[in-house]
Amino acid sequence: MIKVDHVTKVYKSSVVALDDVEVEINKGEFVFLVGPSGSGKSTFIRLLLKEEEPTRGAIYVAGKNIGNLSTWKVPYLRRNIGCVFQDFKLLAERTVFQNVAFALEVIGKAKQVIDQRVPEILDLVGLGDKLNNFPDELSGGEQQRVSIARAFVNRPLILLADEPTGNLDPSTSVDIMKLLDRINRIGTTVLMATHDNAIVDAMRRRVIELEAGKVIRDQARGVYGYGT
Amino acid sequence: MARRFDYFLRETVSGLRRNGLVTFAAVSTVFISLFLGGGALLINRQANLMLEFTTNKVEVAVYLEDGISLDQQNRIQGILNRLPEVASVDYESKEEAYGRFKVLFANQPDLVLNVSADALPASFRVKLADPEKFESVRAVLQGEPGIEKISDQRELLRQFFAIANVFKFGVGAVAIIMLVSASGLIANTVRMALFARRKEIGIMKLVGATNWFIRVPFLIEGMVQGLIGAGAAVVGLFVIKLGFVDPLRNQIGFVPILRNADMMFAVPILLGVGVLVAGVASLIAMRRFLDV
């Protein structure tokens, strides 16, 4: 599903963010990307979204080399990749329903499709009764659920989550992880960058650890730190 | 498609309302610029109307001496007909000249009464293929017996045209400068709109909205500003015409004055320029400030 082939990313300031990284993620996997701040996790995610270009190496998403993708096709790549962030990125002046509908509206989906799919997905994330609430009326965990619903409403092949539990307390984080796990079981490939060790240890999924831009560990049923 | 249209409409209206004052500045600059530009076009039109009327598109008048013989007259006509610069030649008798004189000075009856047909010279009215070729025609006819005077009709209107040109080019130049600042202001409102909605734009990019989908509302927003300004300029020009130009019609009856139909040609030009300039300004603003 995702293949990162000897990718190096050097920023203009000659900071090496990723150094000859080679990773392959299969369809349906759930992968944690761990490592300290500045280890290259965010760069990794930005490269997958083609927000940046690798300095060397190639990246394949769903079998296609995204380096060869022309600019006007990038939006279509992103329709296959859902994104969830630490800060939720919800629009404060829109209701929960409108926030999720926005993702479908701007890719030109018909109103009937939106009216059908949005309540469905909000039901899936457990917010079926909060369609008309505004984000600031929701708890942090609920806001993150809205953002997951928005990322998932278009049924992407891949879900990228960049520190999705970074702003949440531990028990809320567990709920979010349950939700991501559920989405993964439907068949979506999930890649989650985090430094929440409790979560990584509890889930026992594949762990890829970055340090100073290099992959220093790739373990099938790993924990946050070294050891089994 | 209907849903898309609905979306664009909503975004455009909310964008224009959000930046009320800046939008007003942009629209009013477009208005002033196109009002002046339209004014220049209409001055030009009026000048041409007067030229056509006064000279009846005749560039050269060859006035004949009263005692000219028929042979001499035919000889001159022959020369004129053979010249490649000449498009057509018409003979105007003393009576015909008097008829035209009466029309020209219809509002000065004393003058008409004191002049008889005999006092006016007969002439050949010559239309040139190229109006600039007056000198070469004169050179050929110079010295032919029976000619009293060869006059460049456009010379008569030279002063009028000099003044009209000063107005036309002066006003036109100001209009162009204003148009440049108008596009700067429109670009600025588009930039502000982009800034106000940067979070939405970020999300749109993330969920895979195409660049054009993201840009269209801002483009429409810019073009609507241009259109409103241009529309106001058209209305303004008609108001000026009704209020100030039409009353002149009763005072100077012998000169043709711009009619509404003569102004219509300027309407699509003004609206088109307004929308086009605003659209280009918006696109440039987006290229510079929208990182997609």
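Tabulated data for the structure shown
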| quantity | calculated |
| --- | --- |
| Residue match in the range B:162-177 (condition: within 25 Å of the chain's Cα centre (by Cα), of a type outside the set (F, W, Y), more than 30 Å from B:I228 (Cα to Cα) and not in a helix (DSSP H, G or I)) | no |
| Segments classed as helices (runs of 4 or more DSSP H), wholly inside the range A:119-228, with at least 1 members that are buried (at least 21 other Cβ atoms within 10 Å of the Cβ) and among the small types (G, A, S) | A:140-152, A:170-185 |
| Considering residues of the range B:196-211 that are within 42 Å of the chain's Cα centre (by Cα) and within 14 Å of B:E11 (Cα to Cα) only, the residue nearest to the other protein chains (Cβ to nearest Cβ) | B:R197 |
| Options B:L83, B:L120, B:L128; residue that is touching a Lys or Arg at 6+ places or on another chain (Cβ under 6 Å) and under 19 Å from B:S151 (Cβ atoms) | B:L120 |
| Selection count, the range B:182-200, where residues are over 13 Å from B:T23 (Cβ atoms) and touching a helix residue (DSSP H, G or I) at 6+ places or on another chain (Cβ under 6 Å) | 2 |
| Residue match in the range A:104-112 (condition: more than 21 Å from B:I214 (Cα to Cα) and at pLDDT below 95) | yes |
| Residue match in the range A:74-86 (condition: touching a strand residue (DSSP E or B) at 6+ places or on another chain (Cβ under 7 Å), of a type outside the set (D, E, K, R) and free of Cβ contacts under 8 Å to residues at least 40 places away in the same chain) | yes |
| Unique match (being loosely packed, with under 13 Cβ neighbours inside 10 Å, among the small types (G, A, S), more than 18 Å from B:R17 (Cβ to Cβ) and not assigned by TED's automatic domain parsing to the domain that holds B:D66) among B:G208, B:G243 | B:G243 |
| Qualifying strands (runs of 3 or more DSSP E) (wholly inside the range A:7-78; at least 1 residues being more than 24 Å from A:V223 (Cβ to Cβ)) | A:16-25, A:56-61 |
| Any hit, the range A:26-44, residues being more than 14 Å from every other protein chain (Cβ to nearest Cβ), surrounded by 15 or more Cβ atoms within 10 Å (Cβ to Cβ) and in contact with a Pro (Cβ under 7 Å, 6 or more places away or on another chain) | no |
| Those residues of the range B:50-84 which are in contact with a strand residue (DSSP E or B) (Cβ under 7 Å, 6 or more places away or on another chain), modelled with pLDDT of 80 or more and not hydrophobic (A, V, I, L, M, F, W, C), in sequence order | B:Y63, B:E65, B:Q73, B:Q77, B:N81 |
| Within the range A:168-194, tally of residues that are touching a Phe, Trp or Tyr at 6+ places or on another chain (Cβ under 8 Å) and more than 18 Å from A:E24 (Cα to Cα) | 4 |
| Residue satisfying condition, being of a type outside the set (G, A, S) and closer than 22 Å to B:Q72 by Cβ, within set B:R158, B:R138 | B:R138 |
| Flag if B:G226 is away from every other protein chain (no Cβ under 14 Å), assigned to a helix (DSSP H, G or I) and surrounded by fewer than 20 Cβ atoms within 10 Å (Cβ to Cβ) | no |
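Listed here are the residues, each with its yes/no results for (1) among the hydroxyl-bearing types (S, T, Y); (2) closer than 30 Å to A:E105 by Cβ; (3) assigned to a helix (DSSP H, G or I).
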| position | (1), (2), (3) |
| --- | --- |
| B:I201 | no, yes, yes |
| B:G208 | no, yes, no |
| B:F213 | no, yes, yes |
| B:F218 | no, yes, yes |
| B:E221 | no, yes, yes |
| B:G231 | no, no, yes |
| B:V234 | no, no, yes |
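The values are calculated or read from the model by the stated rules, or taken from the named source; none is laboratory data. Bear in mind that the values here come from a model prediction, so they are computed numbers and not experimental data. When we count neighbours, we look across all protein chains shown, and the Cβ atoms used for this are built from the backbone with ideal geometry, even at glycine.
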